[in-house]
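**Q** Before anything else, here's the structure in question.
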Amino acid sequence: MTVDAGGRTEFRPGETLAGAASWNLDTAPKAVEVRLFWYTEGRGTQDVGLVDKARFEQPLMSERRDFRFTLPEQPYSLSGKLVSVRWAVEVVAEPSGEAQRLEFTLGPNGKEILLGDPVNP
Amino acid sequence: MTTRARDNPFSTHRLDALRYRPQGESWEDMLGRLEAMGWRGSVVGPEGSGKTALLHDLAPRLKAIGLRVENLRLGFGQRTLPVDTLRRLSSLLDGEAALLLDGAEQLGPMGWRAVARSARRAGALVITLHRPGRLPTWVWCDPSEALFLELVSELTGGCSDEAEHAARKAFAAHGGNVRSSLLSLYDAYSEGRLGAPRRE
(Lines give C-alpha, C1' and ligand atoms only; values in the text may rest on other atoms or scores of the structure.)
Protein backbone atom coordinates (compact mmCIF):
# COMPACT_ATOMS: atom_id res chain seq x y z
CA MET A 1 0.00 0.00 0.00
CA THR A 2 1.18 3.52 -0.63
CA VAL A 3 -0.22 6.97 0.04
CA ASP A 4 1.04 10.25 -1.33
CA ALA A 5 0.00 13.88 -1.21
CA GLY A 6 1.27 15.01 -4.56
CA GLY A 7 4.84 14.90 -3.31
CA ARG A 8 4.18 17.52 -0.64
CA THR A 9 4.78 17.20 3.10
CA GLU A 10 4.21 20.82 4.20
CA PHE A 11 0.78 22.49 4.21
CA ARG A 12 -0.87 25.65 5.48
CA PRO A 13 -4.25 25.77 7.26
CA GLY A 14 -7.19 25.75 4.84
CA GLU A 15 -5.16 24.34 1.99
CA THR A 16 -6.29 21.33 0.01
CA LEU A 17 -4.39 18.11 0.52
CA ALA A 18 -4.90 16.12 -2.67
CA GLY A 19 -3.28 12.77 -3.17
CA ALA A 20 -3.67 9.16 -4.14
CA ALA A 21 -3.77 5.84 -2.31
CA SER A 22 -2.64 2.66 -4.04
CA TRP A 23 -2.84 -0.91 -2.92
CA ASN A 24 -2.01 -4.35 -4.21
CA LEU A 25 -3.40 -6.87 -1.73
CA ASP A 26 -3.54 -10.67 -1.60
CA THR A 27 -7.35 -10.65 -1.28
CA ALA A 28 -10.00 -8.10 -2.18
CA PRO A 29 -10.66 -5.91 0.87
CA LYS A 30 -14.15 -5.16 2.15
CA ALA A 31 -13.25 -1.49 2.09
CA VAL A 32 -10.28 0.82 2.00
CA GLU A 33 -10.33 4.03 3.98
CA VAL A 34 -8.07 7.06 3.77
CA ARG A 35 -8.00 8.93 7.08
CA LEU A 36 -6.84 12.46 7.82
CA PHE A 37 -5.91 12.85 11.48
CA TRP A 38 -3.64 14.47 14.04
CA TYR A 39 -2.14 12.78 17.07
CA THR A 40 0.04 13.60 20.02
CA GLU A 41 3.26 12.07 21.27
CA GLY A 42 5.02 12.85 24.49
CA ARG A 43 4.86 12.39 28.23
CA GLY A 44 1.08 12.17 28.62
CA THR A 45 -1.59 9.86 27.31
CA GLN A 46 -1.68 9.83 23.53
CA ASP A 47 -4.53 11.77 21.95
CA VAL A 48 -5.88 11.35 18.42
CA GLY A 49 -8.32 13.41 16.38
CA LEU A 50 -9.89 12.07 13.19
CA VAL A 51 -10.62 15.09 10.98
CA ASP A 52 -11.91 13.58 7.74
CA LYS A 53 -11.97 10.35 5.79
CA ALA A 54 -12.59 9.00 2.31
CA ARG A 55 -14.03 5.48 2.12
CA PHE A 56 -13.91 3.16 -0.88
CA GLU A 57 -16.34 0.23 -0.58
CA GLN A 58 -15.66 -3.15 -2.21
CA PRO A 59 -12.55 -2.06 -4.09
CA LEU A 60 -10.44 -4.31 -6.26
CA MET A 61 -7.40 -6.14 -4.90
CA SER A 62 -5.18 -3.74 -6.78
CA GLU A 63 -6.25 -0.16 -7.33
CA ARG A 64 -5.30 3.48 -7.15
CA ARG A 65 -7.81 6.03 -5.86
CA ASP A 66 -7.57 9.79 -5.58
CA PHE A 67 -8.65 11.66 -2.46
CA ARG A 68 -8.92 15.31 -1.46
CA PHE A 69 -9.21 16.90 1.97
CA THR A 70 -9.53 20.52 3.04
CA LEU A 71 -7.16 21.02 5.94
CA PRO A 72 -8.54 22.69 9.09
CA GLU A 73 -7.20 25.84 10.74
CA GLN A 74 -5.75 23.92 13.68
CA PRO A 75 -4.06 22.31 15.47
CA TYR A 76 -0.67 23.28 14.07
CA SER A 77 2.13 20.76 13.94
CA LEU A 78 4.25 21.56 16.96
CA SER A 79 6.80 20.16 19.35
CA GLY A 80 7.79 21.07 22.87
CA LYS A 81 9.45 19.12 25.63
CA LEU A 82 6.18 17.61 26.86
CA VAL A 83 4.13 17.10 23.72
CA SER A 84 4.30 16.99 19.96
CA VAL A 85 1.29 17.36 17.67
CA ARG A 86 1.68 15.52 14.40
CA TRP A 87 -0.44 15.18 11.28
CA ALA A 88 -0.83 12.23 8.94
CA VAL A 89 -2.95 10.65 6.25
CA GLU A 90 -3.27 6.92 6.49
CA VAL A 91 -4.67 4.35 4.09
CA VAL A 92 -6.19 1.31 5.83
CA ALA A 93 -7.57 -1.89 4.31
CA GLU A 94 -10.49 -3.57 6.06
CA PRO A 95 -10.75 -6.04 7.63
CA SER A 96 -7.04 -6.93 7.48
CA GLY A 97 -5.92 -3.67 9.04
CA GLU A 98 -3.00 -3.41 6.65
CA ALA A 99 -2.03 0.26 6.59
CA GLN A 100 0.39 2.84 5.31
CA ARG A 101 0.90 6.34 6.63
CA LEU A 102 2.22 9.63 5.30
CA GLU A 103 3.31 12.24 7.81
CA PHE A 104 3.06 15.93 6.98
CA THR A 105 3.26 19.25 8.78
CA LEU A 106 0.50 21.85 9.11
CA GLY A 107 1.44 25.38 10.11
CA PRO A 108 1.29 29.04 9.12
CA ASN A 109 4.37 28.60 6.95
CA GLY A 110 3.95 24.88 6.47
CA LYS A 111 6.56 24.10 9.12
CA GLU A 112 6.36 22.48 12.52
CA ILE A 113 6.41 25.04 15.36
CA LEU A 114 9.13 24.37 17.91
CA LEU A 115 8.04 25.56 21.35
CA GLY A 116 10.90 27.14 23.25
CA ASP A 117 12.81 27.74 20.04
CA PRO A 118 14.16 31.33 19.92
CA VAL A 119 12.50 31.69 16.50
CA ASN A 120 9.12 30.78 18.05
CA PRO A 121 9.42 32.14 21.64
CA MET B 1 17.76 23.78 21.40
CA THR B 2 14.43 22.19 22.31
CA THR B 3 14.27 18.40 22.61
CA ARG B 4 11.15 17.54 20.66
CA ALA B 5 8.71 15.33 22.54
CA ARG B 6 8.32 13.15 19.46
CA ASP B 7 12.06 12.42 19.51
CA ASN B 8 12.05 11.41 23.17
CA PRO B 9 12.63 7.63 23.33
CA PHE B 10 10.64 7.46 26.58
CA SER B 11 7.43 9.03 25.22
CA THR B 12 4.24 7.31 26.31
CA HIS B 13 3.35 5.74 22.99
CA ARG B 14 6.74 4.01 22.95
CA LEU B 15 6.27 2.77 26.52
CA ASP B 16 2.82 1.44 25.60
CA ALA B 17 4.36 -0.49 22.72
CA LEU B 18 6.70 -2.42 25.03
CA ARG B 19 5.72 -6.06 25.23
CA TYR B 20 5.47 -8.19 28.35
CA ARG B 21 8.51 -10.39 28.84
CA PRO B 22 7.80 -13.70 30.56
CA GLN B 23 10.32 -14.26 33.36
CA GLY B 24 11.84 -17.71 33.54
CA GLU B 25 9.17 -19.44 31.46
CA SER B 26 7.61 -19.26 28.02
CA TRP B 27 4.15 -18.04 27.09
CA GLU B 28 3.24 -21.67 26.39
CA ASP B 29 4.22 -22.61 29.95
CA MET B 30 2.24 -19.69 31.33
CA LEU B 31 -0.86 -20.61 29.36
CA GLY B 32 -0.48 -24.25 30.42
CA ARG B 33 -0.46 -23.16 34.06
CA LEU B 34 -3.50 -20.94 33.52
CA GLU B 35 -5.36 -23.85 31.92
CA ALA B 36 -4.44 -26.04 34.90
CA MET B 37 -5.95 -23.34 37.12
CA GLY B 38 -9.26 -23.64 35.26
CA TRP B 39 -8.50 -20.46 33.27
CA ARG B 40 -8.96 -18.36 36.39
CA GLY B 41 -6.11 -16.48 37.92
CA SER B 42 -4.68 -13.18 39.03
CA VAL B 43 -1.68 -11.18 37.92
CA VAL B 44 -0.17 -9.70 41.04
CA GLY B 45 2.31 -6.89 41.35
CA PRO B 46 2.79 -3.28 42.36
CA GLU B 47 1.88 -0.32 40.20
CA GLY B 48 4.00 -0.01 37.07
CA SER B 49 5.25 -3.58 37.16
CA GLY B 50 3.87 -4.75 33.80
CA LYS B 51 0.48 -6.20 34.74
CA THR B 52 -1.42 -4.23 32.11
CA ALA B 53 1.17 -5.13 29.46
CA LEU B 54 0.72 -8.78 30.37
CA LEU B 55 -3.08 -8.58 29.98
CA HIS B 56 -2.64 -6.77 26.68
CA ASP B 57 -0.40 -9.53 25.36
CA LEU B 58 -2.58 -12.29 26.81
CA ALA B 59 -5.64 -11.18 24.82
CA PRO B 60 -4.48 -12.31 21.35
CA ARG B 61 -3.31 -15.62 22.82
CA LEU B 62 -6.76 -16.29 24.25
CA LYS B 63 -8.33 -15.29 20.94
CA ALA B 64 -6.01 -17.76 19.21
CA ILE B 65 -7.54 -20.60 21.24
CA GLY B 66 -11.05 -19.53 20.28
CA LEU B 67 -12.12 -17.27 23.13
CA ARG B 68 -13.75 -13.88 22.68
CA VAL B 69 -12.02 -11.35 24.88
CA GLU B 70 -13.76 -8.65 26.89
CA ASN B 71 -11.47 -6.05 28.47
CA LEU B 72 -12.43 -4.01 31.49
CA ARG B 73 -10.19 -1.47 33.18
CA LEU B 74 -11.18 0.01 36.52
CA GLY B 75 -10.28 3.54 37.52
CA PHE B 76 -8.97 4.67 40.88
CA GLY B 77 -11.59 4.30 43.59
CA GLN B 78 -14.07 2.39 41.42
CA ARG B 79 -15.46 0.06 44.09
CA THR B 80 -18.43 -1.24 42.12
CA LEU B 81 -19.59 -1.58 38.53
CA PRO B 82 -22.86 -0.04 37.35
CA VAL B 83 -25.75 -2.50 37.27
CA ASP B 84 -26.15 -2.19 33.49
CA THR B 85 -22.45 -3.03 33.01
CA LEU B 86 -22.84 -6.13 35.21
CA ARG B 87 -25.91 -7.18 33.21
CA ARG B 88 -24.03 -6.70 29.96
CA LEU B 89 -21.12 -8.77 31.29
CA SER B 90 -23.50 -11.55 32.39
CA SER B 91 -24.97 -11.77 28.91
CA LEU B 92 -21.59 -11.58 27.14
CA LEU B 93 -19.56 -13.93 29.31
CA ASP B 94 -20.40 -17.44 28.22
CA GLY B 95 -18.02 -20.39 28.05
CA GLU B 96 -16.41 -19.02 24.90
CA ALA B 97 -15.60 -15.62 26.36
CA ALA B 98 -12.77 -14.37 28.54
CA LEU B 99 -12.87 -11.38 30.86
CA LEU B 100 -9.61 -9.53 31.44
CA LEU B 101 -10.16 -7.21 34.38
CA ASP B 102 -7.42 -4.66 35.00
CA GLY B 103 -7.40 -3.05 38.43
CA ALA B 104 -9.56 -5.52 40.36
CA GLU B 105 -8.02 -4.26 43.61
CA GLN B 106 -10.19 -1.17 43.21
CA LEU B 107 -13.38 -3.16 43.76
CA GLY B 108 -14.86 -3.40 47.23
CA PRO B 109 -15.88 -6.84 48.54
CA MET B 110 -19.44 -6.50 47.24
CA GLY B 111 -18.27 -5.10 43.93
CA TRP B 112 -15.89 -8.02 43.47
CA ARG B 113 -18.57 -10.59 44.33
CA ALA B 114 -20.89 -9.01 41.75
CA VAL B 115 -18.21 -9.17 39.04
CA ALA B 116 -17.29 -12.76 39.94
CA ARG B 117 -20.97 -13.70 39.75
CA SER B 118 -21.33 -12.05 36.33
CA ALA B 119 -18.26 -13.95 35.11
CA ARG B 120 -19.10 -17.33 36.62
CA ARG B 121 -19.85 -18.89 33.21
CA ALA B 122 -16.88 -17.23 31.45
CA GLY B 123 -14.37 -19.46 29.72
CA ALA B 124 -11.57 -17.49 31.37
CA LEU B 125 -11.23 -14.79 34.01
CA VAL B 126 -7.92 -13.05 34.61
CA ILE B 127 -7.61 -10.06 36.93
CA THR B 128 -4.80 -7.80 38.09
CA LEU B 129 -4.20 -7.05 41.76
CA HIS B 130 -1.62 -5.25 43.85
CA ARG B 131 -1.67 -8.03 46.46
CA PRO B 132 -2.60 -11.74 46.29
CA GLY B 133 -6.25 -12.64 46.83
CA ARG B 134 -9.63 -12.97 45.11
CA LEU B 135 -8.26 -15.46 42.57
CA PRO B 136 -5.26 -17.79 42.79
CA THR B 137 -2.07 -16.05 41.71
CA TRP B 138 -1.15 -16.94 38.14
CA VAL B 139 1.78 -14.54 37.60
CA TRP B 140 3.81 -12.36 39.95
CA CYS B 141 5.06 -9.22 38.26
CA ASP B 142 8.26 -8.26 40.01
CA PRO B 143 10.50 -6.56 37.47
CA SER B 144 14.22 -6.74 38.17
CA GLU B 145 16.76 -4.03 37.50
CA ALA B 146 18.18 -6.20 34.71
CA LEU B 147 14.78 -6.32 33.00
CA PHE B 148 14.43 -2.56 33.40
CA LEU B 149 17.82 -1.97 31.79
CA GLU B 150 16.76 -4.28 28.95
CA LEU B 151 13.66 -2.13 28.38
CA VAL B 152 15.70 1.08 28.46
CA SER B 153 18.13 -0.39 25.99
CA GLU B 154 15.28 -1.39 23.67
CA LEU B 155 13.80 2.11 23.84
CA THR B 156 17.06 3.92 23.23
CA GLY B 157 18.64 1.49 20.79
CA GLY B 158 21.46 0.67 23.21
CA CYS B 159 22.35 2.31 26.53
CA SER B 160 25.31 4.63 26.86
CA ASP B 161 27.14 4.34 30.21
CA GLU B 162 25.55 7.64 31.20
CA ALA B 163 22.05 6.39 30.34
CA GLU B 164 22.61 3.11 32.16
CA HIS B 165 23.73 4.95 35.28
CA ALA B 166 20.67 7.23 35.09
CA ALA B 167 18.42 4.20 34.54
CA ARG B 168 19.78 2.39 37.60
CA LYS B 169 19.27 5.53 39.70
CA ALA B 170 15.71 6.02 38.40
CA PHE B 171 14.76 2.40 39.05
CA ALA B 172 16.02 2.62 42.65
CA ALA B 173 14.43 6.02 43.26
CA HIS B 174 11.01 4.78 42.05
CA GLY B 175 11.09 1.58 44.05
CA GLY B 176 10.99 -0.68 41.00
CA ASN B 177 7.99 1.05 39.40
CA VAL B 178 8.96 0.59 35.76
CA ARG B 179 6.54 3.13 34.32
CA SER B 180 7.43 5.89 36.77
CA SER B 181 11.13 5.17 36.27
CA LEU B 182 10.79 5.41 32.50
CA LEU B 183 8.85 8.68 32.79
CA SER B 184 11.60 10.11 34.97
CA LEU B 185 14.03 9.19 32.20
CA TYR B 186 11.68 11.03 29.80
CA ASP B 187 12.17 14.15 31.92
CA ALA B 188 15.93 13.66 32.10
CA TYR B 189 16.13 13.22 28.33
CA SER B 190 13.94 16.25 27.59
CA GLU B 191 16.09 18.40 29.86
CA GLY B 192 19.30 17.21 28.27
CA ARG B 193 20.44 15.35 31.38
CA LEU B 194 20.86 12.16 29.38
CA GLY B 195 23.29 11.89 26.52
CA ALA B 196 22.12 11.21 23.02
CA PRO B 197 21.19 7.55 22.74
CA ARG B 198 23.76 5.31 21.11
CA ARG B 199 22.23 3.82 17.97
CA GLU B 200 23.52 0.40 16.90
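The values are calculated or read from the model by the stated rules, or taken from the named source; none is laboratory data. This structure is a prediction, so every number in the text was calculated from the model and none was measured. We place every Cβ from the backbone using ideal geometry, glycine too, and count neighbours over all the protein chains shown. Ligands, DNA and RNA are stripped out before the accessible areas are found, and what is left, the full protein with its side chains, is counted by its heavy atoms. Shrake-Rupley method; radii C 1.70, N 1.55, O 1.52, S 1.80 Å.
**Q** Over chain A, what is the relative contact order in whole percent, taking alpha-carbon pairs under 8 Å and six or more residues apart?
**A** Numbers: 295 pairs, mean separation 40.3, N = 121.
Answer for chain A is 33 percent.
**Q** Let me ask something else. What residues of segment A:1-43 lie in the reach of a label at A:Leu115, counting those whose backbone N is under 19 Å from a point 7 Å from the Cα along Cα→Cβ?
**A** A:38-43
**Q** If you build a Gaussian network model of chain B, linking Cα atoms that sit under 10 Å apart, which residue out of B:Ala146, B:Ala97, B:Ala119 swings the most?
**A** Maximum fluctuation in the GNM of chain B, among the listed residues, is at B:Ala146.
**Q** If you don't mind, another one. Work out from phi, with θ = phi - 60° and the Karplus expression 6.51 cos²θ - 1.76 cosθ + 1.60, the ³J(HN,Hα) of each residue of segment B:60-75, listed in order in whole Hz, and give x for Gly and Pro.
**A** Whole-Hz 3J(HN,Hα) from phi for segment B:60-75: x, 6, 6, 4, 5, 9, x, 9, 7, 10, 10, 9, 9, 10, 8, x.
**Q** Another question, then. Estimate the FRET efficiency between B:His130 and B:Asp7 by the formula 1/(1 + (r/R0)^6), using the beta-carbon distance for r and 30 Å for R0, to the nearest 0.05.
**A** Step by step, r from the Cβ atoms, then E = 0.30.
**Q** If you wrap segment A:61-100's Cα atoms in a convex hull and average its projection over all directions, what's the area in nm²?
**A** 4.6 nm²
**Q** Return the long-range amide H neighbours of B:Ser160 (sequence gap of 5 or more, or a different chain), with a cut-off of under 5 Å between placed amide H atoms.
**A** Result for B:Ser160 returns B:Arg198.
**Q** Return the whole-Å distance between the Cα centroid of segment B:128-159 and the Cα centroid of segment A:20-56.
**A** 33 Å
**Q** How much accessible area per residue does segment B:113-200 have, in Å², with a 1.4 Å probe?
**A** 51 Å²
**Q** May I ask you to evaluate 6.51 cos²θ - 1.76 cosθ + 1.60, the Karplus curve with θ = phi - 60°, for each residue of segment A:41-55 and list the ³J(HN,Hα) values in order in whole Hz, giving x for glycine and proline?
**A** 9, x, 7, x, 4, 5, 10, 9, x, 7, 9, 7, 8, 10, 10
**Q** Among B:Ala166, B:Ala122, B:Ala36, whose mean-square fluctuation peaks in a Gaussian network model of chain B (Cα, cutoff 10 Å)?
**A** Looking only at B:Ala166, B:Ala122, B:Ala36, the biggest GNM fluctuation is shown by B:Ala36.
**Q** I've got another one for you. Can you list, bin by bin at 20 Å, the percent of alpha carbon pairs in the protein assembly as shown, starting at 0?
**A** 26, 49, 25, 0
**Q** What Kirkwood Rh does segment B:27-140 have if only Cα atoms enter the pairwise 1/r average? Answer in Å. The partial results should precede the final answer.
**A** Values: mean 1/r = 0.0718 Å⁻¹.
Over segment B:27-140, the inverse of the mean reciprocal pair distance is 13.9 Å.
**Q** Right, another one. Note down the nm distance, to one decimal, between modelled labels 7 Å out along Cα→Cβ at A:Ala18 and at B:Ser180.
**A** Going from the A:Ala18 label point to the B:Ser180 one covers 5.6 nm.
**Q** Got a sec to turn the phi values of segment B:81-90 into Karplus ³J(HN,Hα) couplings, 6.51 cos²θ - 1.76 cosθ + 1.60 with θ = phi - 60°, whole Hz, x for Gly and Pro?
**A** Once θ is set to phi - 60°, the couplings for segment B:81-90 become 9, x, 4, 5, 5, 5, 4, 5, 4, 4 Hz.
**Q** Using the Cβ atoms and a cut-off under 12 Å, what net charge is assigned to the surroundings of B:Lys169, where Lys and Arg are +1 and Asp and Glu are -1?
**A** -1
**Q** Compute the accessible area per residue over segment A:2-114, keeping the other protein chains in place, probe 1.4 Å, unit Å².
**A** 52 Å²
**Q** Amide H neighbours of A:Asp52 under 5 Å, at least 5 residues apart or on other chains, H built in the peptide plane: list them.
**A** Close amide H contacts, sequence-distant or interchain: A:Leu36.
**Q** Here's another thing I want to ask about it. List the lysines whose Cα lies under 30 Å from the Cα of B:Lys169, skipping any in the same chain that are fewer than 8 positions away.
**A** Correct list for B:Lys169: A:Lys81, B:Lys51.
**Q** Once neighbouring chains are kept in place and the probe is 1.4 Å, which whole percent of the accessible area of segment B:29-168 is contributed by carbon and sulfur?
**A** With neighbouring chains kept in place, the figure for segment B:29-168 is 53 percent.
**Q** At most 15 other C-beta atoms within 10 Å and a DSSP loop state: those are the exposed trypsin sites (Lys or Arg not before Pro) I care about. Give me the longest piece of chain B that has none. Each step should come with its number before you reach the end.
**A** Working: sites that count: B:Arg19, B:Arg79, B:Arg120, B:Arg121, B:Arg193, B:Arg198, B:Arg199.
Counting only loop sites that pass the neighbour cut-off, the longest clear stretch is B:122-192.
**Q** Quick one: buried accessible area between B and A, total over both chains, 1.4 angstrom probe, nearest 100 Å²?
**A** 1300 Å²
**Q** Please enumerate, by chain and number, the lysines with C-alpha under 19 Å from the C-alpha of A:Lys30, excluding those fewer than 8 residues away in the same chain.
**A** Straight-distance partners of A:Lys30: A:Lys53.
**Q** OK, next. Quick one: net charge around B:Thr12, please, counting Lys, Arg +1 and Asp, Glu -1 for every other residue with C-beta under 12 Å from its C-beta.
**A** Overall, the nearby charge balance is +1.
**Q** What fraction of the Cα pairs in chain B, stated in percent, has a spacing above 32 angstrom?
**A** That fraction is 26 percent.
**Q** Take the solvent-accessible surface of the protein heavy atoms, probe 1.4 Å, and return the percent of it on chain A that carbon and sulfur atoms account for.
**A** Answer for chain A: carbon and sulfur cover 50 percent of the accessible area.
**Q** Amide H neighbours of B:Trp138 under 5 Å, at least 5 residues apart or on other chains, H built in the peptide plane: list them.
**A** Answer set, sorted by chain and number: B:Ser42, B:Val43, B:Val44.
**Q** Can you compute the label reach from A:Arg65? Point 7 Å from Cα along the Cβ direction, backbone N cut-off under 20 Å, restricted to segment A:1-23.
**A** Only A:1-7, A:17-23 pass the distance filter.
**Q** What percentages, rounded to whole numbers, describe P(r) for segment B:75-156 computed over all alpha carbon pairs with 10 Å bin width beginning at zero?
**A** Spelled out bin by bin, segment B:75-156 gives 16, 40, 24, 15, 5 percent.
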